[in-house]
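Read-outs: derived from the displayed coordinates by stated rules, not from any lab. Values in this document were obtained by computation on a predicted structure and should not be read as measured data. When we count neighbours, we look across all protein chains shown, and the Cβ atoms used for this are built from the backbone with ideal geometry, even at glycine.
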Amino acid sequence: MSEIIDSLTRYCKSNGERVTPPRRFVLEIIATSPKPITAYDVLTLLNKHLDDPKPPTVYRALEFLSEHGFIHRIESLNAYIACKENHKHEGSQFMICDKCGQVEEAHLCHVPPALKAQAEQKSFKINYWNVEIHGCCKNCS
Ligand SMILES: [Zn+2]
Ligand SMILES: [Zn+2]
């Protein structure tokens, strides 16, 4: 568990960012959550660590953590998961179990460059992309 916090600390140190208490605790809450967790539930749990945290505090921390690749937002669940790949990878694909809600990250690292090349060919400017695959996990099938 403290591994991901260590990783955040090291990353912030070498990039001139600060490990503020909301950033630290929000990451800890998401990393220890057994399932993807919504911003609202993060806020509720953050109450244990901080005195009366407000939604903007949570949103700013979530934004920072996703921007720097420590967490991923699963759009179809409107929830967050911690990145298990040491926050450095090119694009992710997410396999979401519709029965239990577990999310597995896949890293087909050749997909982002291939998509980029296709888009360039068609002079399409990509803002972002998101690959979410719904199905049934090993435990549930
Ligand atoms: Zn990841
Ligand atoms: Zn499942």
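Using only Cα atoms and rounding to the nearest 10 degrees, what angle (0 to 90) does helix 21-32 make with the longest principal axis of the chain? Between helix and principal axis, roughly 60 degrees. Net charge of the neighbourhood of His107, taken over other residues with C-beta under 11 Å away and scored Lys/Arg +1, Asp/Glu -1, is -2.
Globularity index of region 2-82 is 1.00 (Cα radius of gyration / 2.2 N^0.38 Å, N = number of residues). Can you tell me the orientation of helix 111-121 relative to the chain, as the angle in degrees between its alpha-carbon axis and the longest Cα principal axis, to the nearest 10? Around 60 degrees separate the two axes. Once the Cα-Cα distance is subtracted from the 0.36 nm per residue extended length, the Lys84 to His134 segment shows a gain of 16.1 nm.
Residue exposure proxy: Leu77, Leu65, ordered by other Cβ atoms within 10 angstrom of their Cβ from fewest to most, comes out as Leu77, Leu65. For the chain, the 222 nm mean residue ellipticity estimated from helices alone, with every DSSP H stretch of n ≥ 4 adding -39500 (n - 2.57) and the total spread over all residues, rounds to -12500 deg cm²/dmol. Using the Cβ of Glu85 as centre and a radius below 15 Å, the other residues enclosed give a net charge of -2, where K and R count +1 and D and E count -1.
Separation of region 1-77 from region 90-122 is 23 Å, based on Cα centroids.
For the pair Glu3 and Asn15 in one chain, pulling the backbone fully straight at 0.36 nm per residue adds 2.5 nm over the alpha carbon distance.
Hydrodynamic radius of region 93-135 by the Kirkwood approach over all distinct alpha-carbon pairs: 11.8 Å. Just the number: Rg to Rh for the chain, Cα atoms, Kirkwood Rh, two decimals. Reported Rg/Rh, Kirkwood definition of Rh: 1.00. Partner lysines whose Cα lies under 28 Å from the Cα of Lys84, excluding those fewer than 8 positions away in the same chain, are identified as Lys13, Lys35, Lys48, Lys54, Lys99, Lys116, Lys138. Simple spin-label estimate for Glu67 and Ala106 gives 3.1 nm between the two label positions (7 Å along the Cα-to-Cβ direction from each Cα).
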